[in-house]
Protein chains: 2
Amino acid sequence: MLVAIDCIIFGFDGNRLKLLLIKRGFEPQRGRWSLMGGFVTPDENLNQAAARILKQLTGLTDIYLEQLSAFGERFRDPSERTISVAYFSLIDINQYKEQINHEYSAEWFPLKQLPPVIFDHKEMIEMAKEKLRYKAAFHPVLFELLPEKFTIPQLQTLYEDVYNKILDKGNFSRKILSTALLIKQKDKEKNGSKKGAFYYKLDKRKYQMKFNSFLNFIPSQKIEKST
Amino acid sequence: MLVAIDCIIFGFDGNRLKLLLIKRGFEPQRGRWSLMGGFVTPDENLNQAAARILKQLTGLTDIYLEQLSAFGERFRDPSERTISVAYFSLIDINQYKEQINHEYSAEWFPLKQLPPVIFDHKEMIEMAKEKLRYKAAFHPVLFELLPEKFTIPQLQTLYEDVYNKILDKGNFSRKILSTALLIKQKDKEKNGSKKGAFYYKLDKRKYQMKFNSFLNFIPSQKIEKST
DNA sequence: TCAAAAGTGTTGTCCTTACACCCATGT
DNA sequence: ACATGGGTGTAAGGACAACACTTTTGA
């Protein structure tokens, strides 16, 4: 049996959550969209394989990477029996831009406008979306998608896109600040508004410490965002 | 590469949460304790393989079974490169008693008094415990461990053991009943006390419907249970 | 001066905790 | 009758959604 890895790669462009797909350059299914993947080699464990594959495409290391699930339907890959271990990863889309490997003709797609993908990759993507929502409800994991400096309204846009909800800015900002994970900067971002919004940085130490405690980021607000 | 399955099997004896381990009857590591496992065959997918292996040992079908994670350290099995997909399952310990397959010399161990186990099984067990706590905090999954008829104090004992917390009986009973997942029976269980506690059954329909919504079973009570 | 977005204040509602108390019954 | 656990009542405190309001600044 072959053992493969597939990576579901999330990014956030400041407006919408996106997924990085590659156009397959080889048979079978050449020319169709697919997750970035590869086979596990004898000299690496699963996490190492996932990190290697992610680096091949994005050039990035030290990325948030978490195992999602193993997929093993008998004919998921019609040509050969393959078990795939899917990983999901969150990257800062701006860092990616500088490092991208152009061999793969990769492209970012908004989560709500994905093209058809090969094999069971659709299922993997759905599961990853679900897991991201789940995880982000209790752990400050969405910060992994943002650049080093960001504003609270930017963060709010991210949450709104992940949960498809419109959030109250007042309540949102208080909830985030109450976690004490953010360090206020002196400067403001002035593109989004006339007043400008203060930049914040993540307090890395507290972030690590509190990552696994149960914080409450569940957006309980009722209003659905229109797509 | 070989692809195996390992099953972390939880049961509840009315008092403590337990794990079902088998004594390995073959080399390597004959005679040592281990999770129940087996290899994935070409004609089955991963879930089917897990269900088959679970049935081999317990005789049970239609069991709560969920994929935990794939484990793939290079030398996790020293004799051959093997990827193992771990599943965790929750069974009614009483049903098990009637069906057990004695070929495997299996034994229930309290979670807090596990013997040494082979390979990376300890790691799998720890992850399964963690996941059970996580899942049970939001989803009514612990009902899977109980017989068809059970009392609220029995359920409370289970939660107390899972979270190592002493819970307030009044608040616990109200919280559980507020989910409206239980149907009160006419008869009482009279062993636990003189007054006796009413039996309840799970409302299967509502249970299925509400399983994936976020209920709140987190025990926020502060008092740690002494072990 | 006005519009637009950032951010603060305020209030009512709901949920939860802690704990007092009542209930049913076997010995 | 009384001890034992089952179960209900209740008051204080906290969290949160909703929304009114103030602030800042570019045009």
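Among the residues of segment A:98-112, is there at least one that is surrounded by fewer than 15 Cβ atoms within 10 Å (Cβ to Cβ), more than 27 Å from A:F214 (Cβ to Cβ) and in contact with a Lys or Arg (Cβ under 7 Å, 6 or more places away or on another chain)?
Among the residues of segment A:98-112, at least one is surrounded by fewer than 15 Cβ atoms within 10 Å (Cβ to Cβ), more than 27 Å from A:F214 (Cβ to Cβ) and in contact with a Lys or Arg (Cβ under 7 Å, 6 or more places away or on another chain), which makes the answer yes.
Restricting to segment A:55-92, and then to whatever is farther than 20 Å from B:A86 by Cβ and small (G, A, S), can you tell me which residue is farthest from the other protein chains (Cβ to nearest Cβ)?
So the residue we want is A:G59.
With the requirement that a residue be within 23 Å of B:R76 (Cα to Cα) and among the aliphatic types (A, V, I, L, M), what does segment B:89-120 give you?
B:A106, B:L111, B:L114, B:V117, B:I118 - these are the residues of segment B:89-120 that are within 23 Å of B:R76 (Cα to Cα) and among the aliphatic types (A, V, I, L, M).
Tally the residues that are in contact (Cβ under 8 Å) with a residue 12 or more places away in the chain and either crowded, with 18+ Cβ neighbours inside 10 Å or acidic (D, E) (or both), restricting the search to segment A:38-51. Can you show your working first?
Here is the first cut: in segment A:38-51, the residues in contact (Cβ under 8 Å) with a residue 12 or more places away in the chain are A:38-40, A:46-47, A:49-51.
Restricting the remaining residues to those that are either crowded, with 18+ Cβ neighbours inside 10 Å or acidic (D, E) (or both) gives A:40, A:46, A:49-51.
Residues in segment A:38-51 being in contact (Cβ under 8 Å) with a residue 12 or more places away in the chain and either crowded, with 18+ Cβ neighbours inside 10 Å or acidic (D, E) (or both): 5 in total.
Residue by residue, here is whether (1) in the same structural domain as B:L21 (by TED's automatic domain parsing); (2) over 30 Å from B:W33 (Cβ atoms) holds:
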residue: B:L111; (1), (2): yes, no
residue: B:I118; (1), (2): yes, no
residue: B:D161; (1), (2): no, no
residue: B:R174; (1), (2): no, yes
residue: B:L181; (1), (2): no, yes
residue: B:K201; (1), (2): no, yes
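Since A:D92 meets every condition but one in (1) over 25 Å from A:N212 (Cα atoms); (2) of a type in the set (D, E, K, R); (3) buried (at least 18 other Cβ atoms within 10 Å of the Cβ), which condition does it not meet?
(1)
So B:Y134 passes all but one of these: (1) within 14 Å of another protein chain (Cβ to nearest Cβ); (2) surrounded by fewer than 16 Cβ atoms within 10 Å (Cβ to Cβ); (3) more than 30 Å from B:G37 (Cα to Cα). Which condition number does it fail?
Against the list (1) within 14 Å of another protein chain (Cβ to nearest Cβ); (2) surrounded by fewer than 16 Cβ atoms within 10 Å (Cβ to Cβ); (3) more than 30 Å from B:G37 (Cα to Cα), B:Y134 comes up short only on (3).
Can you tell me which residues in segment B:149-175 are over 21 Å from B:F109 (Cα atoms), β-branched (V, I, T) and at pLDDT 95 or above? Break it down stepwise before answering.
Kept after step one, since they are over 21 Å from B:F109 (Cα atoms), are these residues of segment B:149-175: B:149-153, B:166-175.
So of that shortlist, the ones also β-branched (V, I, T) come out as B:151-152, B:166.
Those that are over 21 Å from B:F109 (Cα atoms), β-branched (V, I, T) and at pLDDT 95 or above: B:T151, B:I152.
When B:F71 is evaluated against the numbered criteria (1) at positive phi; (2) within 22 Å of the chain's Cα centre (by Cα), which criterion, by number, is the only one it fails?
Every listed condition holds for B:F71 apart from (1).
Give me a count of the residues in segment B:200-217 that are of a type in the set (A, V, I, L, M, F, W, C) and over 19 Å from the mean Cα position of the chain (by Cα). Outline the logic, then answer.
First, pick out the residues of segment B:200-217 that are of a type in the set (A, V, I, L, M, F, W, C): B:202, B:209, B:211, B:214-215, B:217.
Now drop any that are not over 19 Å from the mean Cα position of the chain (by Cα), which leaves B:209, B:214-215.
Count: 3.
Kindly indicate whether any position in segment B:126-134 is assigned by TED's automatic domain parsing to the domain that holds B:A70, away from DNA strand D (no atom under 12 Å from the Cβ) and small (G, A, S). Reasoning before the result, please.
Start the filter on segment B:126-134 by keeping residues that are assigned by TED's automatic domain parsing to the domain that holds B:A70, which leaves B:126-134.
When the remaining residues are screened for being away from DNA strand D (no atom under 12 Å from the Cβ), the result is B:126-134.
If we keep only those that are small (G, A, S) as well, we get B:128.
Within segment B:126-134 (the criterion being assigned by TED's automatic domain parsing to the domain that holds B:A70, away from DNA strand D (no atom under 12 Å from the Cβ) and small (G, A, S)), the answer is yes, since at least one residue qualifies.
How do the strands (runs of 3 or more DSSP E) wholly within segment A:52-129 filter down when requiring 1 or more residues that are free of Cβ contacts under 8 Å to residues at least 60 places away in the same chain and touching a Ser or Thr at 6+ places or on another chain (Cβ under 8 Å): which remain?
A:64-71
The values are calculated or read from the model by the stated rules, or taken from the named source; none is laboratory data. From a predicted model like this one, the values you see are computed outputs, not experimental measurements. Cβ sites come from the backbone with ideal geometry, for glycine too, and all protein chains shown count toward neighbours.
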